[in-house]
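Below is one structure; the comments refer to it alone.
What follows draws every value from the coordinates through simple rules; no lab data is involved. From a predicted model like this one, the values you see are computed outputs, not experimental measurements. Using ideal geometry, Cβ is built from the backbone for each residue, glycine included, and neighbour counts are taken over all protein chains shown.
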Amino acid sequence: GLTEETIMTTVAFIGLGNMGSGMADNLVKNDYNVLAFDLSEAALAKAKEAGCTIAQSTEQAAAEADIVITMLPAGKHVKDIYSNQILSSVCEGTLLIDCSTIDVETAKSVSELAEKKGLKMLDAPVSGGVAAAAGGTLTFMVGGDADAFDKAHGVLSAMGKKIVHAGGHGAGQAAKICNNMLLGATMIATCESFQLAKKLGLDAQVFFDIASNASGQTWSMTTYCPVKGVGPQSPADNDFAGGFASALMLKDLGLAMQGAKDVNAQVPMGELAAKWFEMHCEEGNAGMDFSSIINRLA
Ligand code: NAD
């Protein structure tokens, strides 16, 4: 219903692609006034249908907003749009929230640029895919100061079910890429264990029953099992269609490798996972769910 906060709050939403369109839709449903802008005419038409007001430019949307939310492909877009369009056009007191998945360094430097202009900014990447964006069940991992986090809580809650304050600027991105590096590596480890078990003559269901209750248990096994017919329903039961694309896993592993290099961290398992997902994508599997990497280990 209408609350004092939402009836008065205008959100500029920049980047209405696969994720942003569902997120903006949920803001409209929660009675925010959404000013939308995207370079794609098709994305804008869809946003209009969902009840957003279409802006003429990023600058115009930002100038009229209480809160700016961006959901863009990569770090270079975020850096460019904040440096050249948003920071020069927003009013004092506007809260800036970038929900894109980008490298920690860019997230920090763009936030610092905003702070220099006296503006509050948060990095708030999400986990959960297109379905969670549409359903309003995303998890937000948020970096920035506590005041800004408190101010953002309402608008993020309209798009997600779990909102976590991870720390200062860049901490949201750090949480996202560290989690996904762990997921990439443990998915491969789970897949190779199933394949070795099979070659050693051990039945997949029997191995699942043992390992899922033993010290080898992983999320990749018990929640997202890469073997057809074993464990709960997962993309493996649907020929690896849908789910979390290998290309997106590769993107996140690339960001993790970049972050590791920047701070001189050793990530041998992450490096191997990045290499394997790179090969997997090059072989034509970029659009398939990431658990399809089990086929490379046959
Ligand atoms: P997308 O490519 O579908 O959407 C990005 C949108 O940004 C496009 O509509 C594009 O036209 C628009 N855009 C690009 N440059 C612009 C500019 N200069 N001005 C205005 N609009 C511009 O991407 P997506 O799948 O929605 O992902 C967005 C972000 O969310 C990425 O960083 C991605 O890594 C992350 N993410 C995606 C998923 C997923 O499952 N798709 C899950 C979690 C996180």
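Observations on the structure shown:
- Residue by residue, region 50-56 carries 3J(HN,Hα) couplings of 7, x, 7, 8, 8, 8, 7 Hz when phi is fed to the Karplus relation 6.51 cos²θ - 1.76 cosθ + 1.60 (θ = phi - 60°); x denotes Gly or Pro.
- Among the listed pairs LYS79/LYS117; LYS117/LYS261; LYS120/LYS251, those beyond 18 Å (Cα-Cα): LYS117/LYS261; LYS120/LYS251
- Only Cα pairs under 8 Å and 6+ residues apart enter the sum, and on that basis the relative contact order of region 135-236 stands at 19 percent.
- Under 23 Å from LYS198, Cα to Cα: lysines that are on another chain or at least 8 residues apart: LYS228
- Top positive-direction residue, dipole computed over region 31-131 with Cβ charges, set VAL90, CYS52, LEU72: LEU72
- Rounded to 10°, Cα long-axis angle of helix 20-29 versus longest principal axis of the chain: 60
- Integer Hz, Karplus 6.51/-1.76/1.60 couplings in order for region 213-225, x for Gly and Pro: 10, 10, 5, x, 4, 9, 4, 4, 8, 7, 10, 9, 4
- Charged-residue dipole, Cβ positions (Lys, Arg, Asp, Glu), region 1-150 about Cα centre, Debye nearest 20: 360
- Over region 197-281, relative contact order from alpha-carbon pairs under 8 Å, at least 6 apart, %: 16
- Percent of beta bridges antiparallel (DSSP, the chain, rounded to nearest 5): 15
- Here the relative contact order of region 101-174, from alpha carbon pairs under 8 Å that lie six or more residues apart, stands at 37 percent.
- Between the listed residues GLY143, ALA245, ILE102, the Cα displaced farthest toward the positive end of the dipole of the chain, a dipole computed from Cβ unit charges relative to the Cα centre, is found at ALA245.
- Cα-centred dipole magnitude for region 205-298, charges only on beta-carbon of K, R (+1) and D, E (-1), debye, nearest 20: 120
- Among ILE81, ALA61, GLY229 the positive-end extreme of the charge dipole of the chain (Cβ point charges): GLY229
- Applied to region 243-249, the Karplus parametrisation 6.51 cos²θ - 1.76 cosθ + 1.60 on θ = phi - 60° returns per-residue 3J(HN,Hα) values of x, 10, 4, 4, 4, 6, 4 Hz, with x for Gly and Pro.
- Helix axis angle, 146-157 relative to the chain longest principal axis, alpha carbon, degrees: 80
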